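One structure is given here, and the rest of the page talks about it.
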Amino acid sequence: MQWEVVVGLEIHTQLLTQSKLFSGASTTFGGAPNSQACAVDIALPGVLPVLNRGVVELAVKFGLSIDARINSPSIFARKNYFYPDLPKGYQISQFELPIVEGGQINIQTGKNNEEDERIINITRAHLEEDAGKSLHEDFHGMTGIDLNRAGTPLLEIVSEPDMRSSAEAVAFAKKIHTLVRWLGISDGNMEEGSFRCDANVSVRRLGDDTLGTRREIKNLNSFRYLQQAIEYEAEFQKYILETGGKIKQATVLFDSEKRETHVMRTKEDSHDYRYFPDPDLLPLIISSDWIEEIRASMVEPPDLCFSRFIDSEIGSNGKETYALSKYDATMLTVDIDIATYFEKVVRIIGRKEAKLCANWVIGEVATRLNQDNKNITASPISPQQLAELILRICDGTVSGKTAKDIFNTMWDGESHTSADEIIKIKGLRQISNSDEITKLVDMVLIENPQQVADFCRGKERAFNSLVGQVMKKTKGKANPAQVNDILKERLKKKN
Amino acid sequence: MAVTLEDVKRVANLARIEISNDEANTTLDQITGIFSLIEQMELVDTSKIAPMSHAQGVEQRLRKDEVTEIDQHKLFQLQAPKTEAKLYLVPKVIE
């Protein structure tokens, strides 16, 4: 039987603010327990929450970036449940009139293939406060509570059940992850819990219109777990249905070691949160002037940056375009810092050499960053330094291969040295004098009669070997293109 | 809308309030009274009136995103029944 997997995601992303959603306590990660939990966060009687303006601005930025509606008024609600890391006995969240409603995200599951492009609709994104942390290690049979995280602002992004595979769910989650980091609204740090996913999974017979009963997998904090959990869950549900069983709505947890899901609670004992508007908080009004002010402060969204990188015509907005391949543009827009670095380099060199610049940023720079586990903002080679080096390839001073050696020399500590200095000190200037090269080519031809004969008999490989011999004689400093040309010409004469 | 004794007991349970049968019955009477009042109010045609959240049309006040609080855990923890390693200790909870 053919089955279709249906997935919807809920993503909790921590907003990048100095202070909490409703209090002036710090949100810095890793403080001593309870050192950043003030009277509001620990719910002392008589305190009042006061909304953080910065949080509203970050949520609006997200809404604008996905073409969503910004609700005004937007209201806060109490979600009631009991747990020791929730001191008020309720979480301030949003139910009716969330700050962001609607909007959409484009995802690609294949490489360079437009057919693999899909639109995922966003239901809503609402603001809510995070809970504290329970430490179940042994405190004489008791549980330790750290409330530093209580009240930290979260944006919960809820998608429609528009995804049809684990791969699509991962592509969507990654897209949101890139977007929130790009916009600067979240650091997206998954180890610290700043980006966590819940997946609603159901299966149905291919062609069915109605959705199957779903089970919700909670708290997936890596893309790999997200993929594995959905795959396991879908297989499990197919098996149950194929053997005549029924799916019961439930909340499940993913065991990453056993790679399976197990039930946390079923619908019968699911929480009834008794949402109601929080009487401590008035409706949030977001004026259109304020929205425009926020829009004006936003960086170019990643999708627009991507289109600009692949476009060949300069757009109506007069912004630079680079006619890159989709693959190159994808690699350069995984992160705003990489895109910015690339543009700094290409602005110095000129858009004609955009492809060469892209190759360097995606190739050498990315490789070394990976090896050193560094972010591009911490690159020992500045965009200016890289541009100077690439310029020396463009003007024929050094070959691409020599340039790579210079790049590595610069990277490995001889910082603040320019490419020009290294070329001068190490005598790496390319030999572009054709008389000199011709002399060397002739010498190589005399020294290697066998290869010459092989080439004349049609063995192409002999040619490369001869080029190699010439390069060796110049210690790699000859212009390879020129060597090729001269060698071809001399061999033609022999033929 | 009729409220039943079961509803009252369920809400009490969700709110972690222990109530006796007598208390539940009294509460049921009171809630039923409130509901009939609401039913009466619902008879008024409000279809042409925009909903409002506050009699004076006030809106949510906002604060600047800055840290204004200092670490007062020592003071706060004076009231806690049990603490250790700066943590509040509570009876063990496992779902």
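Restricting the range B:60-81 to residues that are exposed (fewer than 15 other Cβ atoms within 10 Å of the Cβ) and within 7 Å of chain A (Cβ to nearest Cβ) leaves a set whose member that is nearest to A:Ile99 (Cα to Cα) is B:Arg61. With respect to (1) farther than 29 Å from A:Arg368 by Cβ; (2) over 25 Å from the mean Cα position of the chain (by Cα); (3) part of a helix (DSSP H, G or I), the lone exception for A:Arg295 is condition (2). Evaluated against (1) touching a His at 6+ places or on another chain (Cβ under 9 Å); (2) without any contact (Cβ under 8 Å) to a residue 60 or more places away in the chain, A:Glu191 falls short on exactly one condition, (1). Taking the conditions exactly as written (farther than 21 Å from A:Glu364 by Cβ, aromatic (Phe, Trp, Tyr) and modelled with pLDDT of 80 or more), does A:Phe407 satisfy them or not? So A:Phe407 fails the test. Of all the listed residues (A:Arg196, A:Arg205, A:Arg224, A:Arg181), the sole one being among the basic types (Lys, Arg) and farther than 30 Å from A:Cys305 by Cα is A:Arg205.
Being crowded, with 18+ Cβ neighbours inside 10 Å, under 34 Å from the mean Cα position of the chain (by Cα) and not charged (D, E, K, R) is the filter here; which residues of the range A:226-249 pass it?
Keep residues of the range A:226-249 that are crowded, with 18+ Cβ neighbours inside 10 Å, which gives A:226-230, A:232-234, A:237, A:241.
Narrowing further to those that are under 34 Å from the mean Cα position of the chain (by Cα): A:226-230, A:232-234, A:237.
Across the range A:226-249, the qualifying residues are A:Leu226, A:Gln227, A:Gln228, A:Ala229, A:Ile230, A:Tyr232, A:Ala234, A:Gln237.
Scanning the range A:17-34 for residues that are crowded, with 20+ Cβ neighbours inside 10 Å and either touching a residue at least 40 places away in the same chain (Cβ under 8 Å) or not small (Gly, Ala, Ser) (or both) turns up A:Thr17, A:Lys20, A:Leu21, A:Phe22, A:Ser23, A:Ala25, A:Thr27, A:Pro33, A:Asn34.
Just to be sure, is A:Val40 outside any loop (DSSP other than H, G, I, E, B) and either of a type in the set (Gly, Ala, Ser) or at pLDDT 95 or above (or both)? No; evaluated as a whole, the condition is false for this residue.
Of everything in the range A:58-108 that's in contact with a helix residue (DSSP H, G or I) (Cβ under 7 Å, 6 or more places away or on another chain) and in a loop (DSSP other than H, G, I, E, B), which residue is nearest to the other protein chains (Cβ to nearest Cβ)? Among those that are in contact with a helix residue (DSSP H, G or I) (Cβ under 7 Å, 6 or more places away or on another chain) and in a loop (DSSP other than H, G, I, E, B), it is A:Ile99. Going residue by residue through the range A:250-272, is there one that turns out to be more than 12 Å from chain B (Cβ to nearest Cβ), part of a loop (DSSP other than H, G, I, E, B) and among the polar types (S, T, N, Q)? Yes, the range A:250-272 has at least one match.
Figure legend. Inter-residue proximity from the range A:277-297: first residues facing chain B (nearest Cβ under 10 Å), second residues charged (D, E, K, R), beta-carbon distance below 7 Å, spacing 6+ or different chains. Indicated pairs: A:Leu282/B:Glu59; A:Pro283/B:Glu59; A:Ile285/B:Glu59.
Look at A:Val398 and say whether it is touching a Lys or Arg at 6+ places or on another chain (Cβ under 6 Å) and β-branched (Val, Ile, Thr). Lay out the reasoning, then the answer.
Details: touching a Lys or Arg at 6+ places or on another chain (Cβ under 6 Å): yes; β-branched (Val, Ile, Thr): yes.
Considered against the rule, which asks whether it is touching a Lys or Arg at 6+ places or on another chain (Cβ under 6 Å) and β-branched (Val, Ile, Thr), A:Val398 comes out as yes.
Cβ separations smaller than 8 Å between residues 6+ apart or across chains give the following pairs from the range B:26-48 residues that are in contact (Cβ under 8 Å) with a residue 24 or more places away in the chain to residues that are surrounded by 10 or more Cβ atoms within 10 Å (Cβ to Cβ) and among the hydroxyl-bearing types (Ser, Thr, Tyr): B:Leu28/B:Thr4.
The residue that is surrounded by the most Cβ atoms within 10 Å (Cβ to Cβ), counting only those in the range A:197-220 that are closer than 18 Å to A:Pro153 by Cα and modelled with pLDDT of 95 or more, is A:Cys197. The helices (runs of 4 or more DSSP H) found wholly in the range A:415-479 and carrying at least 2 residues that are assigned by TED's automatic domain parsing to the domain that holds A:Gly396 and of a type in the set (A, V, I, L, M) occupy A:419-426.
The values are calculated or read from the model by the stated rules, or taken from the named source; none is laboratory data. This structure is a prediction, so every number in the text was calculated from the model and none was measured. When we count neighbours, we look across all protein chains shown, and the Cβ atoms used for this are built from the backbone with ideal geometry, even at glycine.
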